[in-house]
Amino acid sequence: MWVVSSRMLSIRNLKTYFRTPKGLARAVDGVSLDIGPGEVVGVVGESGCGKSVMALSILGLLPRPPAYFAGGEILFNDQDLLKFKPDEMRRLRGNQISMIFQEPMSALNPVFTVGNQLQEVFQVHRNLGRAEALQNAIDMLAKVGVPAPERRVREYPYQLSGGMRQRVMIAMALACRPALLLADEPTTALDVSIQAQIIELMTALKEELDTAILLITHDLGVVAEITRRVAVMYTGKIMEEAPTLDLFDAPLHPYTRGLLTSIPRADASFETESLTEIKGVVPSVAALPPGYHFEPRCPEAIDICRAQAPALEEARPGHRVACWRAAHA
Amino acid sequence: MPELLTVQNLVKHFPVRRGFLGRRTAVVHAVDDVSFSLGENETLGLVGESGCGKTTTGFSILRLIEPTSGEVCFRGENILSLPPERLRHLRRHMQIVFQDPFGSLNPRLTVERVIEEPLLNHEDLSGAERRIRVQEALVMVGLLPEHMTRFPHEFSGGQRQRICVARALVLRPRLVIGDEPVSALDVSVRAQVLNLMIRLQRQLNLSYLFISHDLAVIRYVSHRVGVMYLGQIVELAATKALYARPLHPYTWALLSAVPVPDPRRARQRIILEGDVPSPMNPPAGCRFHPRCTEVKSICREQAPIMRVVEDNHAVRCHLYEDGEPWNPAPPLHRKPEAGDKQPKGGNA
């Protein structure tokens, strides 16, 4: 059995780089993040910020080459996942740590029934026989709110709606009651009313199974709904990390503030006269500006920002920020 | 406001053909009896979940797909009965911006060729005149004249969407249909494109039909909003009224379900059961009744009609037909109170 420590997952100075024809892409560049047992941590960022690569690094799902780890460690219950052999990783994956993806259609195998794919989890990780595994699969589908699970197990993914497919993905991911669930944009491809169902489901299952969740998303609304702590990523680095309430109440980094004031809101009590724009575009990690990567877009940049990137420092208890002005205000 | 566009009882049915003989076996009711109008300088938002018919409505107005029946009047002329030559002439006043700026620009054409194409079709200009118009359009959307010689792949998503806007505006149209124009863009770039579209509306006196699934985006850009469900508009009102006091149970549920970036906000979420039914055989009676929290027996039997219940606030729902109207608390208006549940998640 695994020994549960207070920091179940501890990512330390992780560097995941890609060798590309255009040069070295530092997709994840020195990220440190801890997740405790049963904790829900959000990672927000725009496309290309490295949030998905970070999740795939944890599970060892990146093709190597072109990816390689240039440094750091990923401690899961004090064991470094980067040093795991492929078959050790395979035993862990889907069992202790599992993942759900944005597009449930491409994450499910189209030529096998839902039952087949779900059953496999129990057969591989729990050594159950076919009949018993099938029964477990049906129970799991019922738990994630799939109606008529006895009938659904015999259906193929194309016969299910998007919301139902995501429920199947969640059933598969939680089948072995993992300690950690990596959820990569789990609601992005879904309609608003279905998105609400899935958020509700994930929250309920989290309470019941005490699974820690690393929620990766670009949607600050979803982050506000379900996370306790959140890290904001930009060009492979964490810009700010804080308890969710703190981050929304008193964001310290100009990028976080920019994100929060640039999104339109649907709640009637919140009046938006005009949205603030963050100027410029997200740079590609293969062609980063020199000095501090956010400096060209930052409305508050000072001289030192052009020369040197600030380190992630604790500005208030539990609230870390990588900004020259915020850290020394 | 004088009306620029009026849509009356628009219907689009797609036949489903199956088998060797291609027999018509079913009909998809993509758009069923949609009516609205759009004034000069006005933005009407159409919002709804996938499959509700919002894009089909937009395409039908431009006759990019041929509607089954109904009437679309643009400046008093019924577009649906116009001969092709006259339609071509009117089209220059009606342009569209698509969702995917990667798919809607030909990768083999330079930006200049992309933007000048509408001019070649509709105006008789010399090469030099065209070039000036292209440059003006680029500057208008916040790009540089020298970007003209580049290819679409050299631009980011937000810049490409600006190119699409420039292409739509180069003919100086009256009406622009935006079909999810910011949905494919990054969060920090979305605000740039939205603000650009709002600014250009004021500068050029444009009317927008803005189609999106995103209730927050729709609220920001629209003067009036129509909420669509299974091919019908179920509620149509001024933006402020719709968001502060939604009348249809579907709108109510949608608004309560949108994640809002405020962890302190109290939640009274209505979770809609099940999925949107197939538009191939929409439910009898009110199309929303199988998922409605307020369903009554009449809803299963009789389809409600659109009726105006307050100033410029129309709703398609039996709850407002007689007696006491349904009067729920506005879903997103409540400030948190002591004893409210704290945001969920973790025990760190």
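Based on Cα atoms of the protein assembly as shown, Rg over Rh with Rh as the Kirkwood radius reads 0.97.
Measure nothing but the geometry: give the 0 to 90° angle between the long axis through the Cα atoms of B:157-169 and the longest principal axis through the Cα atoms of chain B, rounded to 10°. Tilt of helix B:157-169: around 70 degrees. Excluding ligands, DNA and RNA, the accessible surface per residue across the protein assembly as shown is 43 Å² with a 1.4 Å probe. Shown is the FRET efficiency for A:Ala204 and A:Glu273, computed with R0 = 56 Å from the Cβ-Cβ distance and rounded to the nearest 0.05: 0.90.
Which peptide among B:313-320, B:59-66 comes first, and what is the full order, when sorted by highest mean count of other Cβ atoms within 10 Å? The partial results should precede the final answer.
Values: B:313-320: 22.4, B:59-66: 17.9.
So the peptides B:313-320, B:59-66, ranked by packing, come out B:313-320, B:59-66.
The long axis of helix A:130-143 is offset from the longest Cα principal axis of chain A by roughly 50 degrees. What's the longest uninterrupted piece of chain A once you rule out the chymotrypsin sites (Phe, Trp or Tyr not before Pro) that are loop residues per DSSP with at most 15 other Cβ within 10 Å? In chain A, the maximal stretch lacking such sites is A:113-329. Each of B:Ile65 and B:Thr25 was given a label point 7 Å from its Cα along the Cα-to-Cβ line. The distance between the two points is 2.0 nm.
With a simple spin-label model that places each label point 7 Å from the Cα along the Cα-to-Cβ direction, the separation between B:Ser278 and A:Leu62 comes to 4.3 nm. By the beta carbon rule, with partners counted only under 4.7 Å, chain B holds these lone Cys residues: B:Cys52, B:Cys73, B:Cys164, B:Cys292, B:Cys317.
Hey, got a sec? Which trypsin sites (Lys or Arg not before Pro) in segment A:106-174 land in a DSSP loop and have at most 15 other Cβ atoms within 10 Å? Spell out each step's value before the answer.
Numbers: sites: A:Arg126, A:Arg130, A:Lys143, A:Arg151, A:Arg152, A:Arg154, A:Arg165, A:Arg167; in loops: A:Arg154.
Those satisfying the criteria are A:Arg154.
Here the protein assembly as shown is assigned +1 on the Cβ of each Lys and Arg and -1 on the Cβ of each Asp and Glu. Its dipole about the Cα centre then comes out at about 1260 debye. Give, ordered by residue number, each residue of segment A:269-288 whose 1.4 Å probe accessible area is reduced by a minimum of 40 Å² on adding the remaining protein chains to the chain alone. Correct list: A:Ser269, A:Leu275, A:Glu277, A:Val281.
Measuring against 22 Å, Cα to Cα, the residue pairs B:Lys12/B:Lys54; A:Lys22/A:Lys83; A:Lys51/A:Lys143 contain A:Lys22/A:Lys83; A:Lys51/A:Lys143 as the ones spanning a longer distance.
Given R0 = 45 Å, the distance between the Cβ atoms of B:Val16 and A:Arg12 translates into a calculated FRET efficiency of 0.20. Between the beta carbons of A:Tyr158 and A:Ile302, assuming R0 = 56 Å, the FRET efficiency works out to 0.50 to the nearest 0.05. Buried surface for the B/A pair, taken as the accessible area of each chain alone minus that of the pair with a 1.4 Å probe, is close to 4600 Å² in total. Solvent-accessible area of the protein assembly as shown (1.4 angstrom probe, protein heavy atoms only): carbon and sulfur portion equals 51 percent.
Dividing the helix sum by the residues of the protein assembly as shown, where each DSSP H run of 4 or more adds -39500 (n - 2.57), gives a mean residue ellipticity at 222 nm of -9000 deg cm²/dmol. Projecting the Cα atoms of A:Met105, A:Met54, A:Pro157 onto the charge dipole of segment A:45-169, computed from C-beta unit charges around the Cα centre, puts A:Pro157 farthest toward the positive end.
Each residue of segment B:279-286 was assigned a 3J(HN,Hα) from its phi angle through the Karplus expression (A = 6.51, B = -1.76, C = 1.60, θ = phi - 60°), giving x, 6, 9, x, x, 5, x, 6 Hz with x at Gly and Pro. Taking the 0 to 90 degree range and rounding to the nearest ten, how far is the long axis of helix B:111-122 tilted relative to the main principal axis of chain B, both from C-alpha atoms? Value to nearest ten degrees: 90. Between the amide H of A:Gln96 and any residue lying 5 or more places away or on another chain, no distance stays under 5 Å, with hydrogens modeled in the peptide plane.
The values are calculated or read from the model by the stated rules, or taken from the named source; none is laboratory data. All of these numbers come straight from a predicted model, not from anything done at the bench. Here the Cβ is made from the backbone with ideal geometry for all residues, glycine too, and neighbour counts use every protein chain on show. We work out accessible area using only protein heavy atoms, side chains counted, and drop any ligands, DNA or RNA first. Shrake-Rupley method; radii C 1.70, N 1.55, O 1.52, S 1.80 Å.
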